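Below: one structure, written as structure tokens.
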Amino acid sequence: ERVLGTYVYEDKLITMVLGDGTFDPVDWITFAHEYVHALQDSQYNLSNLGPENASGDHSIAITALVEGSANVTENLFFESLSVDLQQEIAFTIEGEMEEEDGDEPGSGPAVPRIISETFGWAHSEGLRFASYLFFQGGLGAIDRAFDDLPQSTEQILHPQKYLDGEIPIPVELPDISLAVGQGWIEQEAGTLGELMTGIYLGTFIDEGQALLAAEGWGGDRYSLLKDDQDRWMIAMLHSWDSVVDA
């Protein structure tokens, strides 16, 4: 419902959602963002960005760079406009936000944390990450990140760790099929990362404590299994930055 524009790299096509079929100042801001994605695709091939075997966490980190880069350029475009246009855009966005705030609360179904806390994460945290690079070395620093992609949501959440070259610790999860008995088949395996680890812990313990714990993330591996009775089980093995973190 909130999509204003999109770039689909398979079709090399920018699509804008316009109310009356004409561009207003807010639409140009959206178009600037999507146009950056088209430029990214022409330079780095977004359909093939990153390794084929990239984990879920790695893929989220790459998406954060892609969206964060577009957000930085979108903001630079906004700053290049006249003060009158900037005010018009700001008033329009403020009015739309007030309309949303006036909607009846609690009218929809409860949204799981894994949805609510990851929706828009690549845009918001990606902007913070790309802005950090921008203030360190301008647009060139962001460009260089496409040649040296972030490898984890930990690097996105803590940009200095990316610049310091702190990469995830490789973790191998032992084959647990013998321990859990017959009938269990692995459905999925991957890496949770700091982002998902924090959300997972925050489902069961105090959120502040969960985020503090997740900051000690060093690496992990999970396996999701299902048995012939349609039961599910997840096994996780984490490596932490220190004994204290563990």
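The values are calculated or read from the model by the stated rules, or taken from the named source; none is laboratory data. Quantities reported herein were computed from a predicted structural model and do not represent experimental measurements. Please note: Cβ atoms are built from the backbone with ideal geometry, for glycine as well, and neighbour counts cover all protein chains shown. For accessibility, only protein heavy atoms count, side chains too; no ligands or nucleic acids. Shrake-Rupley method; radii C 1.70, N 1.55, O 1.52, S 1.80 Å.
Some observations on this one:
- Of the solvent-accessible surface of segment 108-239, computed with a 1.4 Å probe over protein heavy atoms with every protein chain present, carbon and sulfur atoms account for 57 percent.
- Kyte-Doolittle mean at least -0.5, axial Cα span of 18 Å or more - DSSP H helices of the chain: 25-44, 56-80, 121-147
- Per DSSP, loop chymotrypsin sites (Phe, Trp or Tyr not before Pro) in segment 1-92 with at most 15 further Cβ within 10 Å: PHE23
- Segment 1-68 and segment 206-246: distance between their alpha carbon centers, rounded to Å: 31
- Measuring nothing but alpha carbons in the chain and taking Rh as the Kirkwood radius, the Rg to Rh ratio lands at 1.02.
- Residues whose placed amide H lies under 5 Å from that of GLY50, excluding near-sequence neighbours: none
- Protein heavy-atom accessible surface, 1.4 Å probe, per residue over the chain: 61 Å².
- Listed peptides 124-137, 47-60, 225-238 appear in the order 124-137, 47-60, 225-238 once ranked by packing, highest mean of other Cβ atoms within 10 Å at the front.
- Between THR15 and GLU186, residue separation times 0.36 nm minus the direct Cα-Cα distance comes to 57.7 nm.
- Full-extension gain in nm, GLU96 to ASP148, via 0.36 nm per residue minus C-alpha separation: 14.9 nm
- Pairwise FRET efficiency - LEU178 versus SER116, Cβ, R0 = 45 Å, nearest 0.05: 0.75
- Across the chain, the mean sequence separation of Cα contacts (distance under 8 Å, 6 or more residues apart), normalised by length, yields a relative contact order of 17 percent.
- Using all pairs of distinct alpha-carbon atoms, the Kirkwood hydrodynamic radius of segment 1-144 works out to 17.1 angstrom.
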